[in-house]
1. For 5, 27, what ranking results if the residue with the fewest other Cβ atoms within 10 Å of its Cβ goes first?
2. Counting other C-beta atoms within 10 Å, which of 7, 12 has the fewest, and how do the rest follow?
3. Can you compute 3J(HN,Hα) from phi for each residue in the range 44-55, using the Karplus curve 6.51 cos²θ - 1.76 cosθ + 1.60 with θ = phi - 60°, rounded to whole Hz and x for Gly and Pro?
4. Under 5 Å between amide H atoms, partner at least 5 residues away or on a different chain: which partners does residue 4 have, H built in plane at 1.01 Å?
Amino acid sequence: MPNVLPEVKSYEDLRKTCEKAGIGHDLVLQSAYGDSGHTTFFIKSEADFRRHEHEIIGEGEIKIMKRIDCRGSAIEACATKEGTIVGPLMTELGRLQGTDALSRRLVR
């Protein structure tokens, strides 16, 4: 999944970063720190950003990804509305060899 790892300073900054990266404006933002599932934000508009800006701005690097619709895929687990992965997929996370901060946190 294409992503960028900037520090977000404002909604305008987020839009510029996403335009430069070519990932659009329907986004998933994940902070590398905090409680599992409580640092995943779905941002499609400035109103979405304003609801969560106190949890995004000043938190360091934020992983920004294009939101995808994976309905055609087979899913062996599910995620809560907070983004916590639930089900047998959790046993597979130990095999990840990610180099970014979020992947390292998931593997622990």
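Values quoted throughout were computed directly from the atomic coordinates according to the rules given, and no laboratory measurement underlies them. These numbers were taken from a predicted model, which means no experiment stands behind them. Because the Cβ atoms are built from the backbone with ideal geometry, glycine has one as well, and the counts that use them run over all protein chains shown.
1. Listed from fewest to most nearby Cβ atoms, that is 5, 27.
2. Fewest-to-most Cβ neighbours within 10 Å comes out as 12, 7.
3. Taking θ as phi minus 60°, the curve returns 10, 8, 5, 4, 4, 4, 4, 5, 10, 4, 5, 9 Hz for the range 44-55.
4. Under 5 Å from the amide H of residue 4 lie the amide H atoms of 64, each far enough along the sequence or on another chain.
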